Each structure stands twice: as structure tokens, then as C-alpha cells.
Amino acid sequence: MAESTTISIRLDATVKARLDHLADATHRSKSFLAAEAIRAFVDLNEWQIREIKTALQEADAGDFAKPSEANKVFGKWRKPA
């Protein structure tokens, strides 16, 4: 298991009460639930930043879809006449 460390956070009283209820309902500690929520948040945001950086590199390199490729994708979403 990875080494853990302790942090302190401030929560709105309503969120804290909701966390308390969730911990009771799931038989998990508030610390476990908070750590899982933070991990998921960090994972999502790291992924998003990586994808944005990759897209910017592709755009800077001029790597864009051809109009025919874009029209093919857009055609899937158009209503039939």
C-alpha cells in the first residue's frame, strides 16, 4: 500500500453532513470517501489537461480534420430532410 499523508480541509456544513450520512450508509470512513473523491478529481483533471495539451500540439502542427472527414461526422447528427 502506498504511503499516506494527512491534510486538513474546510467543508461547508451541509457537505459535511452529507459526507457523514454517506459514510454511515456505505460503512466507510469519511477519510476514505474524501480520499477517493480527491483521487477521482485529480485523475479526471490530469486526463483533461493531458488531452488539451495534446490537442494544442496537434493544432500547432496543423493536424486538423479534412472537411470531408468533418462532414462525415457531422452527417451522423443531421436530421434527414
Report the local net charge at residue 34: Lys and Arg +1, Asp and Glu -1, summed over other residues whose C-beta lies under 13 Å from its C-beta.
+4
Net charge, residue 11 excluded, C-beta distance under 13 Å - Lys, Arg +1, Asp, Glu -1
+2
Which chymotrypsin sites (Phe, Trp or Tyr not before Pro) from region 42-81 combine a DSSP loop assignment with at most 13 other Cβ atoms within 10 Å?
64, 77
Acute angle (nearest 10 degrees) that the helix 13-26 long axis makes with the longest principal axis of the chain, alpha-carbon atoms:
80
Which whole-Hz ³J(HN,Hα) couplings does region 71-80 yield from phi under the Karplus relation 6.51 cos²θ - 1.76 cosθ + 1.60, θ = phi - 60°, glycine and proline marked x?
5, 4, 5, 4, x, 5, 9, 7, 6, x
Please pull out the direction-averaged projected area of region 13-75, using the convex hull of its alpha-carbon atoms, in nm² to one decimal place.
7.6
Name the most mobile residue of 36, 69, 58, meaning the one with the largest mean-square fluctuation, in a Gaussian network model of the chain with Cα contacts below 10 Å.
69
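What is the magnitude of the charge dipole of the chain about its Cα centre, with +1 placed on the Cβ of each Lys and Arg, -1 on the Cβ of each Asp and Glu, and no other charges, expressed in debye to the nearest 20?
Roughly 460 debye for the chain.
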Using the number of other C-beta atoms within 10 angstrom as an exposure proxy, rank 79, 53 with the fewest first.
79, 53
Place +1 on the Cβ of every Lys and Arg and -1 on the Cβ of every Asp and Glu in the chain, take the dipole about the Cα centre, and give the residue among 2, 75, 64 whose Cα lies farthest towards its positive end.
75
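Read-outs throughout are calculated quantities, based only on the coordinates presented, and are distinct from any laboratory measurement. If you're wondering where the values come from, they're calculated on a predicted model, not measured in any experiment. Positions of Cβ are generated from backbone atoms using ideal geometry, with glycine treated the same way; all protein chains shown enter the neighbour counts.
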